[in-house]
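Reviewing the structure listed below.
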Amino acid sequence: MRIVLLGAPGAGKGTLANHLKTKCGVLHLSTGDMLREEMKSDSSLGKEVKKYVESGALVPDEVVIKLIENKLKGADVAKGFLLDGFPRTAKQAQNLDEILEGMGQPIQYSFFMEVSLPVILQRLTGRRVCRQCGAVYHIKNMPSKVEGKCDVCDGELYQRPDDNEATIRTRMDVYTKSTTPVIEYYDQQGKLKKVNAEQETEKLFDELIGIIGQNDGKSDKD
Ligand code: AMP
C-alpha cells in the first residue's frame with residue numbers, strides 16, 4: 001500500500017499509522033517525527049526548524065520536501081509506505097507526485113481523517129509523549145500505568161510544547177489554510193477517501209483495509 005494520511009492535528013494520524021505499521025509491516029514516514037528528531041539532536045537543521053515547529057507554523061516546503069525525498073529514496077518501499085503529516089501544502093503534494101513518479105511508486109489513496117474540533121482539543125491537550133521512545137499516551141483516554149513514566153521503556157513522559165491550547169489554535173488555522181488545497185488536490189485525482197476518525201483505531205483500521213482491499217498485505221499472525 002502507498003498511502004497518505006490527511007487530517008487536522010489530533011486526527012489520530014500517528015496512532016493509525018503505528019497500527020498499520022505493526023499489522024502490515026508498512027513503512028511509516030512522519031515529517032513531524034523527523035523534524036523532532038532533528039531538534040533533539042540539535043543539528044543545524046534542528047535549530048533552523050525549531051521556531052516553526054514550536055510556534056505551530058509550517059516548516060518551509062523546500063526543507064520538508066528534501067527530508068521526505070531522502071527518506072523515500074533511501075528506504076525499502078517494497079511493502080509500501082504511508083505518509084503521516086506530509087504533504088501539508090499543494091506544493092508538497094505536487095513535488096511528492098514528481099518524486100514518486102520517478103520511483104514508479106505513485107500514491108494509491110489519500111485518507112482524509114475527519115474529526116470535530118472539541119475532540120481535537122481534548123485529544124491534543126491531554127496527549128503525552130515518551131521522551132525516549134516516542135510512545136504516545138493520553139492522560140484520560142490512555143494513561144500510562146505509572147503517572148509520567150512510559151510503560152514501554154520507563155522514559156519520561158512530556159507534553160509537546162506545541163500541544164498547548166493557543167498553539168493548537170494556530171496549528172488549526174494553518175491546517176485549514178494550507179492543507180485544504182491538499183484535500184482538493186487528491187480529490188481531483190480521484191484518490192481521496194473520507195473516513196470517520198472519531199471511531200476506535202481498530203475499527204478505523206478495518207475500514208481502511210476494506211477500502212484498500214489489501215488484506216493480503218497483513219502478516220499471517222493477524
Ligand atoms: P506533526 O507532528 O505532524 O503534528 O507536526 C508538528 C509540526 O512539524 C507542525 O506543526 C509543523 O511545524 C512541522 N511539520 C510537520 N510536517 C510538516 C510538513 N509536511 N510541512 C511543514 N511543516 C511540517
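The values are calculated or read from the model by the stated rules, or taken from the named source; none is laboratory data. Note that the coordinates shown come from a computational prediction; the quantities given were computed from them, not determined experimentally. When we count neighbours, we look across all protein chains shown, and the Cβ atoms used for this are built from the backbone with ideal geometry, even at glycine.
Scanning the range 140-165 for residues that are among the polar types (S, T, N, Q) and within 16 Å of the ligand (Cβ to nearest atom) returns Gln159, Asn164. For Gln108, the requirement of being in contact with a helix residue (DSSP H, G or I) (Cβ under 8 Å, 6 or more places away or on another chain) and surrounded by fewer than 20 Cβ atoms within 10 Å (Cβ to Cβ) is met. Would the range 83-102 turn up any residue that is touching a residue at least 24 places away in the same chain (Cβ under 8 Å), on the phi < 0 side of the Ramachandran plot, assigned to a loop (DSSP other than H, G, I, E, B) and more than 14 Å from the ligand (Cβ to nearest atom)? No, the conditions are met nowhere in the range 83-102.
Here Leu67 clears all of (1) surrounded by 19 or more Cβ atoms within 10 Å (Cβ to Cβ); (2) under 13 Å from the mean Cα position of the chain (by Cα) except the condition numbered (2). Condition (residue is surrounded by 17 or more Cβ atoms within 10 Å (Cβ to Cβ), without any contact (Cβ under 8 Å) to a residue 24 or more places away in the chain and not assigned by TED's automatic domain parsing to the domain that holds Lys40) applied to the range 155-170: is it met by at least one residue? No: the range 155-170 contains no residue that is surrounded by 17 or more Cβ atoms within 10 Å (Cβ to Cβ), without any contact (Cβ under 8 Å) to a residue 24 or more places away in the chain and not assigned by TED's automatic domain parsing to the domain that holds Lys40. Under the condition of being surrounded by 17 or more Cβ atoms within 10 Å (Cβ to Cβ), in a helix (DSSP H, G or I) and either among the acidic types (Asp, Glu) or in contact with a Ser or Thr (Cβ under 6 Å, 6 or more places away or on another chain) (or both), the residues counted in the range 22-60 number 1. Taking the conditions (1) more than 10 Å from the ligand (Cβ to nearest atom); (2) assigned by TED's automatic domain parsing to the domain that holds Glu200 in turn, Gln122 satisfies each one other than (2). All conditions but one from (1) surrounded by 15 or more Cβ atoms within 10 Å (Cβ to Cβ); (2) in contact (Cβ under 8 Å) with a residue 24 or more places away in the chain; (3) of a type in the set (Ser, Thr, Tyr) apply to Tyr137; the one that does not is (2). Would you check if Gly56 is at pLDDT below 90 and within 11 Å of the ligand (Cβ to nearest atom)? So Gly56 fits the description; yes. Is one or more of the residues making up the range 67-82 away from the ligand (no atom under 12 Å from the Cβ), touching a Cys at 6+ places or on another chain (Cβ under 9 Å), assigned by TED's automatic domain parsing to the domain that holds Tyr175 and among the small types (Gly, Ala, Ser)? Yes, because at least one residue in the range 67-82 is away from the ligand (no atom under 12 Å from the Cβ), touching a Cys at 6+ places or on another chain (Cβ under 9 Å), assigned by TED's automatic domain parsing to the domain that holds Tyr175 and among the small types (Gly, Ala, Ser). For the range 66-93, the set of residues classified as under 17 Å from Lys177 (Cα atoms) and not β-branched (Val, Ile, Thr) consists of Gly85, Phe86, Pro87, Arg88, Ala90, Lys91, Gln92, Ala93, listed by residue number. Of the residues Lys23, Lys50, the single one that is of a type outside the set (Gly, Ala, Ser), more than 9 Å from the ligand (Cβ to nearest atom) and without any contact (Cβ under 8 Å) to a residue 60 or more places away in the chain is Lys50. Can you find a residue in the range 145-152 that is more than 22 Å from Ala93 (Cα to Cα), in contact (Cβ under 8 Å) with a residue 24 or more places away in the chain, of a type in the set (A, V, I, L, M, F, W, C) and not assigned by TED's automatic domain parsing to the domain that holds Leu6? Within the range 145-152 (the criterion being more than 22 Å from Ala93 (Cα to Cα), in contact (Cβ under 8 Å) with a residue 24 or more places away in the chain, of a type in the set (A, V, I, L, M, F, W, C) and not assigned by TED's automatic domain parsing to the domain that holds Leu6), the answer is no, since none of the residues qualifies.
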